[in-house]
1. Using Cα atoms only, what is the angle between the long axis of helix 94-111 and the major principal axis of the chain, expressed in degrees (0 to 90) to the nearest 10?
2. Arrange the peptides 191-201, 411-421, 59-69 so that the one whose residues have, on average, the most other Cβ atoms within 10 Å appears first.
3. Over the Cα atoms, compute the radius of gyration (one decimal) and Dmax (the largest Cα-Cα distance, rounded to a whole number) for the range 353-473, in Å.
4. Can you give me the Kirkwood hydrodynamic radius for the range 215-350, using every pair of distinct Cα atoms, in Å to one decimal?
5. Using just the Cα positions, wrap the range 2-271 in a convex hull and report its mean projected area in square nanometres, one decimal place.
6. Take every Cα pair under 8 Å in the chain that's 6+ residues apart, average their separations, divide by the length, and report that relative contact order as a whole percent.
7. Largest first, please: the extent of the C-alpha atoms of the chain along each principal axis, to the nearest Å.
8. Under 20 Å Cα-Cα from LYS435, which aspartates and glutamates qualify once same-chain neighbours fewer than 8 residues away are excluded?
Amino acid sequence: MKLYNTLSRQIEEFKPLEPPLVKLYACGITAYDYTHLGHIRKYVMDDVLVRVLRHAGYEVKFVRNVTDVGHLTSDSDTGEDKMEKGAKKYGSTVWDVAQKFEDYFHYSMDLMNAVRPNVTSKASEHVPGQLEMVKKLEEKGYTYIIEGDGVYFDTSKLKDYGKLAQLDIKGLQEGARVEKVNGKRQLTDFALWKFERPGENRKMVWESPWHPRSFPGWHIECSAISMEHLGEQLDIHTGGIDHIPVHHTNEIAQSETVTGKKPFVRFWIHHNFLFIEGKKMSKSLGNFYTIDDLLKKAYDPMAFRLLLLGAHYRSEMNFTWENLEGAQVSWEKLIDKIQQFLVQKDNDPEPTETQLALEENYKNRFFSQVENDLHLPEALAVMWKMVGDDQLTASQHYHLLLSFDEILGLGLAKIEPAEELDVSDKVQSLLDERKIARMAQDWQKADLLRGQLEHLGYKVEDKEDGQQLKKLK
Ligand code: AMP
Ligand code: ZN
């Protein structure tokens, strides 16, 4: 199994520290607004990674947090708290907003057929663990306090600070000499613990040795939660590419300082963004669609999943309705094919040696693509080629699809044979009439009859073996 590791900027052979266990942590959403299609892309790609590892025989312990405290609008520890912003926008309490949008996240990901993590952990329920970690950093002499603001990590104490992002610290410092951010000693220093400002009246506050009304910074939650559930060294940590220069860089600084063990994470996996009209789909820009927007337009979440699988996780992907329409057509085609295989497979003869060898060949081609840094577009191409290969029996087609679906996660095993529709005499006579019109190549009349059938609630499709009738939703 090969994976691209941001730490080395190379594709490496993946081996966990304690096989067959794989300790995997994924940064979760900030629960202050709706989960959108961009988030879904990231978490579907995590889901595929977990499926590939499990298929390869690993026991994956998958942990993901929910950020419900401490994430400010600016990654340089200034600006409004995102949760308070969400509470204002939706006229609700921070706690209710956090629950509402965590629930919406799970609802979205369940519809996307994503496997839930072994552990989902809210930052606000992990405050003592985070506090302990900051105290340890203070004892070790890596922190300083900015009065009225918070406890900060002094990044000048670490020789290798910024290694993940390959940050040019000297260049950054020189470039920023003019604007010293809120009393930080170095531009790269970051908040471990924040204090309530006078008159702020925050809803999420805790007592700490430094301030009676204070709260954890954003980065410390992922170090504390991941280490509590997975130990001091992780095999894999995932996140969006936006997390490389600040959030993950700071997680490494805190975690490696607390434990003295390097590396904190052996494989850093970063996902590229979903764009829309040339911009990152994001809550702050307001240019987003949710899973409900797709459902309202009668798109199947599995069509969207198929669309996502068609782009490599390290490439940018542009969302358009045309592409989604194309994916919906492909999804319906796949369903049709499966329904045909289901009908035909019981009358199949036993596969010959040649057919068995071909089946094995498709399997190898598919799985070698996914195990090579999750080359899903190529794996999908193998799948479509296999679906159209009439050298295989229907039963082989069907079983290969189910085996590929362990990775694709499209829920193909749930697809049932097409219903035999018990139609009225009127519908049947329209169908018969249309069959005659088609035989006479009277396309105009055939279209007219299609319209009449639609009016009665049926969709008719022309297949190689005749007309196929479906009930409209
Ligand atoms: P947030 O809720 O903003 O903390 O984001 C949660 C995760 O979703 C992070 O790993 C982000 O990088 C990722 N993410 C946010 N927007 C997008 C997008 N448009 N495309 C892909 N991933 C995204
Ligand atoms: Zn995180």
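1. Long axis of 94-111 versus the principal axis of the chain: about 30 degrees.
2. Descending mean neighbour count gives 59-69, 191-201, 411-421.
3. Radius of gyration, then largest Cα-Cα span, for the range 353-473: 19.7, 55 Å.
4. Kirkwood radius, the range 215-350: 18.5 Å.
5. Here the figure is 14.2 nm², rounded to one decimal.
6. Relative contact order here is 16 percent.
7. Principal extents (Cα only, largest first): 86, 54, 37 Å.
8. Straight-line reach from LYS435, under 20 Å: GLU420, ASP422, ASP425, ASP447, GLU454, GLU461, ASP462, GLU464, ASP465.
Every number here is computed from the coordinates shown, using simple stated rules; none is lab data. Everything numeric in this text was worked out from a predicted model, so none of it was measured. With ideal geometry, Cβ positions are generated from the backbone for all residues, glycine too; neighbour counts draw on all protein chains shown.
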